[in-house]
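The structure appears right after this line, and notes come after that.
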């Protein structure tokens, strides 16, 4: 078997998501399994080059995982002709300019989202990448989660009949940082640093809805900053200038309606941190990160509203668990594998910078909808 090395400049992997999901559980996991078998006698070997601003953190990470190269000089790394792919997991405000540098250097791109701070910038990136002829991909990890894979299986099998509505609940309580350390970095709660739950989560909801149910055609949203003061990593108080909660209603192509609540100021009373309930004429399902439960119309009970009597049945017990029927790998790793195959074998790949721009557009229109108290159409984006 021929071994082909692909060198990947990984920028921002000292951060929580970049390290855990992209470096540790994707690229290093591929190396631990011996590489990616491309099925044509070629074994692809990913070689990470760590990039970031904090020299001590990069050095420690490289030593801990046996990674041979790291640098604080992005320009020098991009000038290295042996580097094939540039990956970006930086804070949102730093991403757009770095991606432009990588495009100018002729590197293939794989990036976290949002890809830019505004839809114009996101579309410009997509156009620049197309003009430069570089392959590009945007992380859209949630459609690779076992629960949503099972949900997609139900949709493709016609389980729901006509899909009527989608209801999503996402979120958990993020500690303020005064008496318990916050689970998320402080920049997430500063609008001037690119923070906010709308710019973070609406791009996710765009591709989940688009891939599973249909393109979003209108958006109506209300956003809030429920916790106005938080404490940063040094224990210093700061004003939370970004939204921590968003309540959105999305009209979908084909007529279904989606309602999704997103909040970092909600305590969890559900089985998973995110759940989607899909109701159709023939059946319903509730899907989370890993699990999916269904209730077919032939097995739907007949509840009767009577507030004077206690409930005598467990409604949750009336649903049936959807079996795995497959071994599910880490969703980030699964998408990395598809993108690497796209780069090396030119296999089809749809989650590109244009798809990323749709997510930025939905976030931008969601914020505008909330600020102006009105519903907005979501125009279809093209290059």
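The values are calculated or read from the model by the stated rules, or taken from the named source; none is laboratory data. The model shown is predicted, which means the values in this text are computed figures rather than measured ones. Here Cβ is always computed from backbone atoms with ideal geometry, including for glycine, and neighbour counts include all displayed protein chains.
Structure summary
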read-out	value
Checklist (1) closer than 14 Å to residue 340 by Cβ; (2) in contact with a helix residue (DSSP H, G or I) (Cβ under 9 Å, 6 or more places away or on another chain); (3) surrounded by fewer than 20 Cβ atoms within 10 Å (Cβ to Cβ) applied to residue 33, failing item	(2)
Meets criteria (under 27 Å from residue 216 (Cα atoms), touching a strand residue (DSSP E or B) at 6+ places or on another chain (Cβ under 9 Å) and touching a residue at least 40 places away in the same chain (Cβ under 8 Å)) for residue 332	no
Residue in segment 7-21 that is within 17 Å of residue 332 (Cβ to Cβ) and over 22 Å from the mean Cα position of the chain (by Cα) present	no
Which listed residue, of 198, 216, is in contact with a helix residue (DSSP H, G or I) (Cβ under 6 Å, 6 or more places away or on another chain), modelled with pLDDT of 95 or more, buried (at least 22 other Cβ atoms within 10 Å of the Cβ) and more than 21 Å from residue 164 (Cβ to Cβ)	198
Filter result for residue 137 (in contact (Cβ under 8 Å) with a residue 24 or more places away in the chain, closer than 26 Å to residue 379 by Cα and either in the same structural domain as residue 215 (by TED's automatic domain parsing) or out of contact with any strand residue (DSSP E or B) (no Cβ under 6 Å at 6 or more places or on another chain) (or both))	no
Residue 177, sole failed condition from (1) within 18 Å of the chain's Cα centre (by Cα); (2) crowded, with 22+ Cβ neighbours inside 10 Å; (3) farther than 28 Å from residue 377 by Cβ	(1)
Selected residue (only one of 55, 69, 96 is more than 27 Å from the chain's Cα centre (by Cα), closer than 26 Å to residue 193 by Cα, in contact (Cβ under 8 Å) with a residue 12 or more places away in the chain and in the same structural domain as residue 8 (by TED's automatic domain parsing))	55
Residue within segment 139-150 that is over 30 Å from residue 320 (Cβ atoms), crowded, with 22+ Cβ neighbours inside 10 Å and either touching a helix residue (DSSP H, G or I) at 6+ places or on another chain (Cβ under 6 Å) or at pLDDT below 95 (or both) present	no
Test: residue in segment 283-293 that is touching a strand residue (DSSP E or B) at 6+ places or on another chain (Cβ under 8 Å) and more than 18 Å from residue 316 (Cβ to Cβ)	no
Spans of strands (runs of 3 or more DSSP E) in segment 175-241 with at least 3 residues farther than 24 Å from residue 116 by Cβ	229-231, 237-239
Total residues in segment 36-46, condition in contact (Cβ under 8 Å) with a residue 40 or more places away in the chain and surrounded by fewer than 18 Cβ atoms within 10 Å (Cβ to Cβ)	5
Flag for residue 254 being loosely packed, with under 14 Cβ neighbours inside 10 Å, in contact (Cβ under 8 Å) with a residue 24 or more places away in the chain and on the phi > 0 side of the Ramachandran plot	yes
